[in-house]
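S.K.: Below: one structure in structure tokens.
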Amino acid sequence: MPYFTKVSCDARPYDLRPVVDTVMAAENWILSRIPKDQPLVILLGEDHQNQMHTLMHQAVLRRHLAQLKTEPARSFALGCEFPRNYREARDPSNDVTRNLHSKISHWLDPEDSDGKEMSKIFSRYEKFCYTKAATSALYRFCRENGISIGFNDVAVVSRVPEQPKREDGKIEINVDAIKPVVDFSHAPTRAIFEKHMPELVGKDVYRFTSPDGTVSVEGIRASNIVMAENAIEHMKRAQARIYVQSVGNGHVLGAETCPYEDSLSAAFKARGFAVLSVVEGPTAKLPAEKPVDIIKVKGLAFVADYTMPYKKLKSVVGIDSAMRFS
């Protein structure tokens, strides 16, 4: 029988303890039932605009850090849904990131095996993450505590459609028209496609939405396969028995436009991993013949606004009191 439970945070929407307690209980339940050499992947779903979800992910890591002191065999690492080529990616609408590599290359570790450099780049230069305050705090927590970070999503490059010139001769770029597509010049990403999705190599695979504004179904499927492959590589590099992957809710178990068979959970299970899925919101229809371990969360507070500094965020959600990370 699979592990399945629901956690309601309606009564205390800023208290993360019920969610974290349930995640750790489920982890214990699963680890007691699988071989000692089989890794466990914990997929922590999130609404990309809700800082509470990011803070919940940090709380889960904090609990694992404390657990490691008494159970050293439960080594762990963190995976994130950012492009593997994050530090090389260019956004032509943003003067800061356009020349990013030349500005900061002097303090970049070419290998960056634990993700520290890329996490610093995020905190310093990222402009469009809705949860920047909480995510920056999460990455700082990882750096300070030696937790390895992996940027696992498919490598992308921004596709800018031809823009008409204005009367003054300048070109005004429509940011909404910029679409990230798979960057096949990124060798590790191309290798994954050639092995698992050769029919897509060299094509315009849109990561999020197609030019017509519809969801890129093949982009979501490709992203899940690439994230799983990159995470497995990172897991081996970090020697992690437990892998905590932070990812959008729709990737975890699928959604309206992504059947379960194309989900991140299915991708990991197909590769022999035990998987615990933590989601808040609707999912795709789950196959009865393939048991899935699930925690469904509801009622966490919604804290948005990517311009909100961390100091203000602390006062809003009460990290030192109501949040109770430990």
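S.K.: So, in the stretch 238-263, how many residues would count as being at pLDDT 95 or above, touching a strand residue (DSSP E or B) at 6+ places or on another chain (Cβ under 9 Å) and charged (D, E, K, R)?
M.R.: Final tally of qualifying residues: 1.
S.K.: What are the pairs with Cβ atoms under 6 angstrom where one residue, in the stretch 260-279, is charged (D, E, K, R) and the other, located anywhere, is part of a strand (DSSP E or B)? Sequence gap at least six, or different chains.
M.R.: Close Cβ pairs (under 6 Å, with a partner that is part of a strand (DSSP E or B)) amount to Lys269/Val275.
S.K.: Here is a follow-up. Evaluate the following for Asp168: is it out of contact with any Cys (no Cβ under 8 Å at 6 or more places or on another chain), over 30 Å from Asn28 (Cβ atoms), in a loop (DSSP other than H, G, I, E, B) and modelled with pLDDT under 90?
M.R.: Yes: the conditions hold for Asp168.
S.K.: Being of a type outside the set (Ser, Thr, Tyr) and touching a Gly at 6+ places or on another chain (Cβ under 8 Å) narrows it down to one of Phe122, Phe151, Phe141, so name that one.
M.R.: Phe151
S.K.: Can you pull out the residues in the stretch 231-274 that are out of contact with any Asp or Glu (no Cβ under 7 Å at 6 or more places or on another chain), closer than 19 Å to Glu218 by Cβ and among the aliphatic types (A, V, I, L, M)?
M.R.: Matches in the stretch 231-274: Val252, Leu253, Ala255, Leu264, Ala266, Ala267, Ala270.
S.K.: Checking the structure you have, find out if any residue of the stretch 251-263 is aromatic (Phe, Trp, Tyr) and more than 14 Å from the chain's Cα centre (by Cα).
M.R.: yes
Quick grid of which residues meet (1) closer than 29 Å to Val23 by Cα; (2) aliphatic (A, V, I, L, M); (3) exposed (fewer than 14 other Cβ atoms within 10 Å of the Cβ):
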position: Leu200; (1), (2), (3): no, yes, no
position: Arg207; (1), (2), (3): no, no, no
position: Gly213; (1), (2), (3): no, no, yes
position: Val226; (1), (2), (3): yes, yes, no
position: Leu253; (1), (2), (3): yes, yes, no
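S.K.: Can you name every residue in the stretch 228-249 that is assigned to a helix (DSSP H, G or I) and either surrounded by fewer than 24 Cβ atoms within 10 Å (Cβ to Cβ) or touching a Gly at 6+ places or on another chain (Cβ under 9 Å) (or both)? Spell out the reasoning first.
M.R.: Taking the stretch 228-249 and keeping what is assigned to a helix (DSSP H, G or I), we get 228-238, 249.
Of everything in the stretch 228-249, those that are assigned to a helix (DSSP H, G or I) and either surrounded by fewer than 24 Cβ atoms within 10 Å (Cβ to Cβ) or touching a Gly at 6+ places or on another chain (Cβ under 9 Å) (or both) turn out to be Glu229, Asn230, Ala231, Ile232, Glu233, His234, Met235, Lys236, Arg237, Ala238, Asn249.
Results for (1) on the phi < 0 side of the Ramachandran plot; (2) crowded, with 16+ Cβ neighbours inside 10 Å; (3) modelled with pLDDT of 50 or more; (4) in contact with a helix residue (DSSP H, G or I) (Cβ under 8 Å, 6 or more places away or on another chain), shown as yes or no for each residue.
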position	(1), (2), (3), (4)
Arg84	yes, yes, yes, yes
Glu88	yes, no, yes, yes
Leu100	yes, yes, no, yes
Ser105	yes, no, no, no
Ser113	yes, no, yes, yes
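S.K.: Among (1) at pLDDT below 95; (2) over 19 Å from the mean Cα position of the chain (by Cα); (3) not small (Gly, Ala, Ser), which single condition is Val201 missing?
M.R.: (1)
S.K.: Looking at the stretch 1-35, which of the residues that are of a type outside the set (A, V, I, L, M, F, W, C) and without any contact (Cβ under 8 Å) to a residue 12 or more places away in the chain is nearest to Val60 (Cα to Cα)?
M.R.: Only one residue tops the list, namely Asp21.
S.K.: I need the full set of residues from the stretch 1-57 which are hydrophobic (A, V, I, L, M, F, W, C), surrounded by 15 or more Cβ atoms within 10 Å (Cβ to Cβ) and in a loop (DSSP other than H, G, I, E, B), in order please.
M.R.: Across the stretch 1-57, the qualifying residues are Cys9, Leu16.
S.K.: Count, please, the residues in the stretch 267-284 that happen to be among the small types (Gly, Ala, Ser) and crowded, with 23+ Cβ neighbours inside 10 Å.
M.R.: 2
S.K.: Mind checking whether some residue in the stretch 118-125 is touching a Phe, Trp or Tyr at 6+ places or on another chain (Cβ under 7 Å), at pLDDT 90 or above and surrounded by 20 or more Cβ atoms within 10 Å (Cβ to Cβ)?
M.R.: no
S.K.: Has the stretch 250-269 got any residue that is closer than 27 Å to Pro180 by Cα, in contact with a His (Cβ under 7 Å, 6 or more places away or on another chain) and outside any helix (DSSP H, G or I)? Can you show your working first?
M.R.: We begin by selecting, within the stretch 250-269, every residue closer than 27 Å to Pro180 by Cα; these are 250-268.
Then drop every residue that is not in contact with a His (Cβ under 7 Å, 6 or more places away or on another chain), which leaves 263-264.
Remaining after also requiring outside any helix (DSSP H, G or I): 263.
The answer is yes; a qualifying residue exists.
The values are calculated or read from the model by the stated rules, or taken from the named source; none is laboratory data. Bear in mind that the values here come from a model prediction, so they are computed numbers and not experimental data. Backbone-built Cβ (ideal geometry, glycine too); neighbour counts: all protein chains shown.
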